[in-house]
Amino acid sequence: MNRISGYFGNRVLAAILLVLLVLVGLDVITAIIDESDNIEGNYTFYEVMVYVVYSLPSRVYEYIPSAALIGCLTGLGSLATNSELIVVRSAGMSVGRVVWVVIKPALLVILVGLMIGEYVAPTTEQIAQSRRALAESGTGGFTSRRGLWNREGNHFMHFNAVQPNGVLHGVTLMKFNAERELQSLLFARRASYQANYWLLEEVEETHLEGPRTRLVQTQTRRWDSSLTPDLLNIVIVKPEDLSLEGLDSYAGYLRAQGLDAGDYELAFWRKALQPFTILGLVLVAISFVFGPLRDSTMGFKIFTGVVVGICFRTAQDLLGPASLVYGFSPLYSTLVPIGICVLLGSILLARAR
């Protein structure tokens, strides 16, 4: 029976990896085509390929839940189509044992996904975003297509490009008073972090004094800010590509500034609960093979997996923003789709027995 369990597990794992390869491959091709439209100046086709390669771990992490769902449907479905599942069930393997056999490779995929999402994807995505922004950045204040905005109190700041080593390019600082009137506008071509402050280089600052303006130019200037290179490395990456530690850290920074941290809290709970998301989708896949899709074709199984995956993602995309708009916890918006998957899978498996 152990040999049969290993055979089943290997078939399911191979199906998950194959589906993941196909999904990521299609996404990479699409990304190359999309980024090729932005080729201009220093952003060459070589930089496009470098960007896509560095963003590859994030793409893998993103598609792991869908690959687990479709892979389990096709892997276990092929065993059912070839009557292998019927034979082992006739030999005395219970439904619970089959479920455990299928979940074991899913647990391996979950573990690998956690490692990628926590330790690989955040770093490589930071490099990808900073390289692309640096290649596309211009010399003017807002000429970068990938510019980054941030706020501290009455100060608004824009950076053309952020490098992971604590170097900023194209820094624009705008200071407003309590009446939201612009008081000064500063532009620096470069800034580097010096222990506990930023050193601005090639600075041009315009002061608005009533109907008049005054321009001050200096080679270097000190800029004190609670922003650190670590925080900026977080800001340049989309919330869903950050590590749990990074999400928690930046959410705390936003709350300290009196700003809304809802997007980062939502991304935190989605990432923290992704293992349960995968297990819920795998449970649905197993229940479908034992129930409604037992005698269906492989094409229909794949189609069903895609539809279920789209429905699950749509539910997350609707409930997540709804939690930010209506003020309920992002934890609940993440748990509801997972709970529906677990409940549906459990009911179908109970009927299959």
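The values are calculated or read from the model by the stated rules, or taken from the named source; none is laboratory data. Nothing here was measured: the structure is a model prediction, and the numbers come from that model. Don't worry about glycine lacking a Cβ; one is built from the backbone with ideal geometry, like all the others, and counts go over all protein chains shown.
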For segment 261-294, how many residues meet the condition of being without any contact (Cβ under 8 Å) to a residue 60 or more places away in the chain and more than 19 Å from the chain's Cα centre (by Cα)?
1
Being farther than 28 Å from Ile116 by Cα and either in the same structural domain as Leu283 (by TED's automatic domain parsing) or without any contact (Cβ under 8 Å) to a residue 12 or more places away in the chain (or both) narrows it down to one residue among Ala67, Ala80; which is it?
Ala80
Any idea which of Leu227, Leu244 is surrounded by 12 or more Cβ atoms within 10 Å (Cβ to Cβ), in contact (Cβ under 8 Å) with a residue 40 or more places away in the chain and outside the structural domain of Pro164 (by TED's automatic domain parsing)?
Leu244
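Residue by residue, here is whether (1) at positive phi; (2) among the small types (Gly, Ala, Ser); (3) outside the structural domain of His155 (by TED's automatic domain parsing) holds:
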position	(1), (2), (3)
Asn177	no, no, no
Glu181	no, no, no
Ala191	no, yes, no
Ala195	yes, yes, no
Glu201	no, no, no
Thr206	no, no, no
Arg212	no, no, no
Gln217	no, no, no
Thr220	no, no, no
(1) surrounded by 14 or more Cβ atoms within 10 Å (Cβ to Cβ); (2) within 29 Å of the chain's Cα centre (by Cα); (3) in a helix (DSSP H, G or I): which one isn't true of Asp34, the others all being true?
(1)
So the check is Cβ under 8 Å with 6+ separation or different chains; which pairs have a first residue in segment 299-314 that's part of a helix (DSSP H, G or I) and a second one that's loosely packed, with under 13 Cβ neighbours inside 10 Å?
none
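Can you report the number of residues in segment 148-190 which are of a type in the set (Val, Ile, Thr) and under 25 Å from the mean Cα position of the chain (by Cα)?
Result for segment 148-190: 2.
Could you tell me which of the residues Ala91, Ala121, Ala133 is modelled with pLDDT of 90 or more and more than 24 Å from Thr304 (Cα to Cα)? Write out each step before concluding.
Working: Ala91 fails: modelled with pLDDT of 90 or more; Ala133 fails: modelled with pLDDT of 90 or more.
After applying the criteria, what remains is Ala121.
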Answer yes or no: is there a residue in segment 52-64 that is outside any helix (DSSP H, G or I), touching a residue at least 40 places away in the same chain (Cβ under 8 Å) and in the same structural domain as Gly309 (by TED's automatic domain parsing).
yes
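Looking at segment 51-98, which of its residues are β-branched (Val, Ile, Thr) and either more than 29 Å from the chain's Cα centre (by Cα) or buried (at least 17 other Cβ atoms within 10 Å of the Cβ) (or both)? Can you show your working first?
To start, the set of residues in segment 51-98 that are β-branched (Val, Ile, Thr) comprises 52-53, 60, 64, 70, 74, 81, 86-88, 95, 98.
Answer for segment 51-98, where residues must be β-branched (Val, Ile, Thr) and either more than 29 Å from the chain's Cα centre (by Cα) or buried (at least 17 other Cβ atoms within 10 Å of the Cβ) (or both): Val52, Val60, Ile64, Ile70, Thr74, Thr81, Ile86, Val87, Val88, Val95, Val98.
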Applying the selection to segment 109-138, what residues are surrounded by 23 or more Cβ atoms within 10 Å (Cβ to Cβ) and among the acidic types (Asp, Glu)?
Glu125
Please enumerate the residues belonging to segment 300-329 that are closer than 20 Å to Val22 by Cα and among the β-branched types (Val, Ile, Thr).
Ile302, Thr304, Val306, Val307, Val308, Ile310
Against the definition (assigned to a loop (DSSP other than H, G, I, E, B) and surrounded by fewer than 16 Cβ atoms within 10 Å (Cβ to Cβ)), how does Glu204 come out, yes or no?
no
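Can you find, within segment 169-181, the residue that is nearest to Leu134 (Cα to Cα) among those that are at pLDDT 90 or above and among the aliphatic types (A, V, I, L, M)?
Looking only at segment 169-181, we keep the residues that are at pLDDT 90 or above, and these are 171-176.
Restricting the remaining residues to those that are among the aliphatic types (A, V, I, L, M) gives 171, 173-174.
On the way: Val171: 12, Leu173: 19, Met174: 22 Å.
If we take residues in segment 169-181 being at pLDDT 90 or above and among the aliphatic types (A, V, I, L, M), then Val171 is nearest to Leu134 (Cα to Cα).
Mind telling me which of the residues Tyr61, Tyr7 ends up being hydroxyl-bearing (Ser, Thr, Tyr) and at pLDDT 90 or above?
Working: Tyr7 fails: at pLDDT 90 or above.
After applying the criteria, what remains is Tyr61.
Any residue in segment 266-284 that is closer than 29 Å to Val120 by Cβ, among the β-branched types (Val, Ile, Thr), in a helix (DSSP H, G or I) and at pLDDT below 85?
First, the residues of segment 266-284 that are closer than 29 Å to Val120 by Cβ: 266-284.
Now restrict to residues that are among the β-branched types (Val, Ile, Thr): 277-278, 282, 284.
Checking the rest, the ones that are also in a helix (DSSP H, G or I) come to 277-278, 282, 284.
Filter once more, keeping what is at pLDDT below 85: none.
Looking for residues that are closer than 29 Å to Val120 by Cβ, among the β-branched types (Val, Ile, Thr), in a helix (DSSP H, G or I) and at pLDDT below 85, one finds none in segment 266-284, hence no.
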Can you find a residue in segment 232-239 that is of a type in the set (S, T, N, Q) and assigned to a strand (DSSP E or B)?
no
